[in-house]
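Accompanying notes for the structure given below.
Throughout, read-outs are computed from the coordinates displayed, never taken from laboratory work. Worth saying up front: this structure is predicted, and the values here are computed from it rather than measured. Cβ coordinates were reconstructed from backbone atoms using ideal geometry, including for glycine residues, and neighbour counts include every protein chain displayed.
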Amino acid sequence: MRRRPGQVNPINHLNTRVARIRTCKKSLNYTGPDSFGVNRMKYTLFISLLISVTACSPKADRLTAMEKQIDSLNKRIDSVYSPGLGEFMVSIQLHHAKLWFAGKNGNWALADFEVGEIQEDLNNIERYNKDRPEVKELPMISSPLDSISKAISNQNAAAFNRGFIFLTNTCNNCHQVTKHGFNIIKIPDLPPVTNQVFDKPQKAVDSSIMK
């Protein structure tokens, strides 16, 4: 719990009070001159400190209750729904197709964006599906993604085509290794969506105006 400036930590305050009470209790055994008056004064001090400690206990109780609430919330967060591996794979397949048409049309900004989306999905797989055995094979995708990223950066169409074939073949190799060989990926024939323009930005503007 975040304390306001100048606010005393209730636990530290409580510990200090308890230490002082213990000191007072020991000193009550004093039997020197005027022991009755001295002991009566120290007994009064002891009662006052005891009242102060009692007054602090609700703060400690509230702090304990808050800690229990935090533990409960953490348990609920752990049980919250998280997407499965198949959902991420469908997303990757979509971005794989969009990446092809972006690069094919020389829309390098969009192609770079799609590579980033694929990488984000791969990162999320490692985060949310880390217990799946397939996750250990994901690093094999890094090399083809790097090749495509370099081709996009250089705006090299031929290198992009080679990189995309490399990526597609690597996806299928990964499926084979993870016993999902029945799931075969290929270079798409048609755009995956009909409500997006994959041409270069200037052509995209012109075509949208014509329509």
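Brief remarks on what is shown
- Annotation note: trypsin sites (Lys or Arg not before Pro) in segment 76-154 located in DSSP loop regions with a Cβ neighbour count of at most 11 within 10 Å are Lys130.
- Label sites at Val80 and Gln119, each approximated as a point 7 angstrom past Cα along Cα to Cβ, lie 2.6 nm apart.
- Where labels lie 7 Å past Cα in the beta-carbon direction, separation of Lys130 and Val177 in nm: 2.0 nm
- For Asn195 and Asp112, the FRET efficiency from 1/(1 + (r/R0)^6), where r spans their Cβ atoms and R0 equals 22 Å, is about 0.55.
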